[in-house]
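Taking it in order: structure first as structure tokens, then the write-up.
The values are calculated or read from the model by the stated rules, or taken from the named source; none is laboratory data. Owing to the predicted nature of the structure, the values given are computational and were not obtained by experimental measurement. Every residue, glycine as well, gets a Cβ built from its backbone with ideal geometry; the counts of neighbours run over all protein chains shown. The accessibility values were calculated without ligands, DNA or RNA, using every heavy atom of the protein model including side chains. Shrake-Rupley method; radii C 1.70, N 1.55, O 1.52, S 1.80 Å.
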Amino acid sequence: CASASAQGIAALWNLCPKGKDVTIGSHIVAEMIVISDCDSPNMSPSVNISVGTLETRLNRRTVYVSTPDGKIGLKLLFDRPGENALHRGDVVEIDFYGCKASRSVTPDAFTISGIRAADNILSHRTGGQIPVKEKYISELNDRDINTYVTLKDVDIVFKDGSYYNVHEDYTVKMDGWA
């Protein structure tokens, strides 16, 4: 199935030129590994509506998937927040028919929007393995965007203490989802 996935992703790349949006009018199917988690509040930037109020609906619609070999990743946007029930390590077969492919110029990355669970997710199973990919910072390129990469030989120093990879407003709301 990895070969079919590679063909499906190659078809997406060929269909949508850089800097363009294209509605996918054919059945392009690929098996992908979920590298994000629908329960995480850190999948997409949350817009501050006001002091202490975040718009989180986009976050609940966002999922990141990778080809089984880990070479290419996509950002998927479901139509509705409740449709994203995908957890880290899930394996999904996706038919991109009817979705919108948006390809940015710099960096060269894909977002597929208009995903509907009932129409576009053909199969879904748990227990997949996220591909292991380790690189030095100097080796990173556009194809690494939206994939899971472990950085080799990296130290991050903070002069004022430790760093937490969360939006500060999440730490104020402690109802179990932060």
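Values for this structure:
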item	result
Residues of the stretch 77-134 classified as acidic (Asp, Glu), open to solvent by less than 40 Å² (accessible area, probe 1.4 Å) and under 16 Å from residue 44 (Cβ atoms), total	1
Given (1) part of a loop (DSSP other than H, G, I, E, B); (2) within 20 Å of residue 99 (Cα to Cα); (3) modelled with pLDDT under 90, index of the condition residue 45 fails	(2)
Residue list for the stretch 138-155, filter: of a type in the set (A, V, I, L, M, F, W, C) and either modelled with pLDDT of 95 or more or surrounded by 11 or more Cβ atoms within 10 Å (Cβ to Cβ) (or both)	140, 145, 149, 151
Selection within the stretch 53-74 - within 18 Å of residue 128 (Cβ to Cβ), open to solvent by 10 Å² or more (accessible area, probe 1.4 Å) and either among the acidic types (Asp, Glu) or in a strand (DSSP E or B) (or both)	64, 69
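Let's see how each residue does on (1) among the small types (Gly, Ala, Ser); (2) part of a loop (DSSP other than H, G, I, E, B):
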position	(1), (2)
97	no, yes
101	yes, no
105	no, yes
119	no, no
122	no, no
